[in-house]
Every structure is written in C-alpha cells, then in structure tokens.
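Comments concern the structure below.
Any read-out appearing in this document is the output of simple, stated calculations on the displayed coordinates, not a laboratory observation. Quick caveat, the model's predicted, so the values are computed rather than measured. Cβ placement follows ideal geometry from the backbone for every residue including glycine, while neighbour counts extend to all protein chains displayed.
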Amino acid sequence: MDFRAILMGLAFALMWSSAFTSGRIIVQDAPPLTALFFRFLISGLLGVLIARALGQSWNLSRDQWRSTFLFGLCQNALYLGLNFVAMQWVQASVASIIASTMPLMVAFFGWMLLGQRLKPMAVIGLGAGVMGVALIMGARIDGGVDPSGLALCFAAALALTVATLMVRSASSGGNVLMIVGLQMLVGAVLVGIAALLFEPWSVKWSAKLVLAFLYTTLVPGLLATWVWFRLVGRIGAVRAAAFHFLNPFFGVAIAALLLNERLGMLDLIGVAIIAVSILLVQLAKREAAS
C-alpha cells in the first residue's frame, strides 16, 4: 500500500466519520428526510455535472446500473435515511459506533448466508466486536438512550451490509464520479417520496444549520464517496475496507469535540475493542485474498 493510498484511506475515514456529527446538527433544526433529499439532490447534480465536464458518460453497463440503484437504495435512502431519523433521539457518537460495525456484519452474514469461510482471526474479531457493541449499548441503555433510535441505527447498518454483499464493485468500467452522482439522485428520489408522505416542513434557520448542511452535502456526501471508489480502484476492496477500523475512534472523537457528547470509560473501552475487531476481520480477509 503506497503513501497516497494511506492518505486517501485516512481522509475517507475522517470524512465518513464526521457525517454523523454534522447530521446530528442538521436533524435538531430540520426534518431529517427532507434535509437528506436536498443533500442528495445537490450532491447528485454536482456529481453528474462535474463528471460530464470531465468527459464521463452516463451510458453505464447493466451491472453498473444495477449497482448504482442498489447503492442508491441501500446506502443513501435506507442507511443514511434511517440514521438521520434515528439521530433525532440518539447521539452522533452512538450512531457512528453502530455504523462502524458494518464490516463485522458483512463478515458474519457472508459466512452465515453465502458460505464464505472465516479464518480463526476473523472469528476472534467477530466475537470481540459483539463484546464491544454489547459493552457500549449496555451502558447507553442503562443511561436512558432511546431503544427505538438504536434499532433504527442497527437497521441502517444492516441495509448497507446487504448492499455490500450484493454488489461486488460499482466502479468497474470507469465513470466513477458519474456513478457517485447517479447514486445520489436515486437516493434523492426515494427519500423525497418518503419526506412528502411522512414529514411536515418545519425548519429553524441558523448559520450553524446552513454550514452543517453545506458540509455534509459536499464533504461526506460527495467527496468521501468519490475518494472511497478511487481508493477501492487503487488498492482493492479488501485492503480499502481495513480503514474502517478508524471510524469508531474518529466518530466519537469528532462528536465529543464539536457536540460536547460525554464519553464514559465503558464507551472508550468498547470503541477500542470494536476497532481492534474490525482490524482483525479485515486482516483475515486480506490473508485469504493473498
């Protein structure tokens, strides 16, 4: 793995983790699904326009269109939609920790449903991950965290897990930025329909809300997704996924720094255990792929 790939992986993990803090700021003052609709719409249109300016085509292959729709549904509409709704009641750090367990869910369901073999290191990682999540969630439930919000966060992580298992690579064949933009537009359509059906229009306008919306639209929304696809294309999905072990640390650190979310000793221990478990699972996958 070259130095540029390492920088790309660190940048992706930092941007991806920061989305929970900016999302938490947004949903305190705006309807979550409506905010997501405008985020996806702006990100998608910008992505498509920039891609066209770079000479990329929207004449995708059948596999690319399938991947684009599935990721638009599972990653944007379901994963982010459920997380944004949940963050009306749960802290950004909690949502970030649960979302970071996605690589563990991929390994578990890949073994359980698809018959993928797990190395002993991966089994140890999965066991440790369950312990880390149980430690954090037990402490949070005792502290009065909303159980329905937790359920929505786990459902969101499960949706992204399904997309990851079903789609091998959405970026094969080029047109990476175009695919990213089209995924956003798919999410905009689906989330927009849900917003019209279920949400009233009620916004408390402030500079903080506008800045958080612009940030989450341009950085985690567009730039981080583009960096991820470029990283996968550069070093492969298995090696790229190893950077997910940084997400629990970055997620809780950013939430604590910007939102003053309090972290107890059990939270820190649980985050460390989850990070190590993700790293073990990804190292085991790397050995199996080599």
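Per-structure values
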{"item": "Mean Cα-pair separation over length for the chain, i.e. relative contact order, pairs under 8 Å, 6 or more apart, %", "result": "42"}
{"item": "Hits among lysines - C-alpha to C-alpha of K285 under 26 Å, sequence gap 8 or more where chains match", "result": "K119"}
{"item": "Hypothetical label at L10: residues of segment 198-235 whose amide nitrogen lies under 18 Å (7 Å Cα-Cβ projection)", "result": "224, 227-228, 231-232, 235"}
{"item": "Protection-proxy order for peptides 115-128, 48-61, 249-262, 82-95, each taking the mean of Cβ atoms within 10 Å per residue, highest first", "result": "82-95, 249-262, 115-128, 48-61"}
{"item": "Highest-first arrangement of 263-269, 204-210, where packing means the average Cβ count within 10 Å", "result": "263-269, 204-210"}
{"item": "Calculated P(r) of segment 1-107 - Cα pairs past 20 Å, %", "result": "54"}
{"item": "Cα point-scatterer Debye curve for segment 110-223, base-10 log of I(q)/I(0) at q = 0.19 Å⁻¹", "result": "-1.31"}
{"item": "Sequence of F198, F213 once ranked by neighbouring C-beta atoms within 10 Å, starting from the fewest", "result": "F198, F213"}
{"item": "For V271, V281, order by how many other beta-carbon atoms lie within 10 Å, fewest first", "result": "V271, V281"}
{"item": "Taking only Cα atoms of segment 43-96, radius of gyration then Dmax in Å", "result": "15.3, 43"}
{"item": "Per-residue Cβ neighbour rank within 10 angstrom, fewest leading, D63, D29", "result": "D63, D29"}
{"item": "Normalised alpha carbon radius of gyration of segment 3-289 [divisor 2.2 N^0.38 Å]", "result": "0.96"}
{"item": "The chain: most fluctuating residue of L33, L185, L113 per GNM, C-alpha cutoff 10 Å", "result": "L113"}
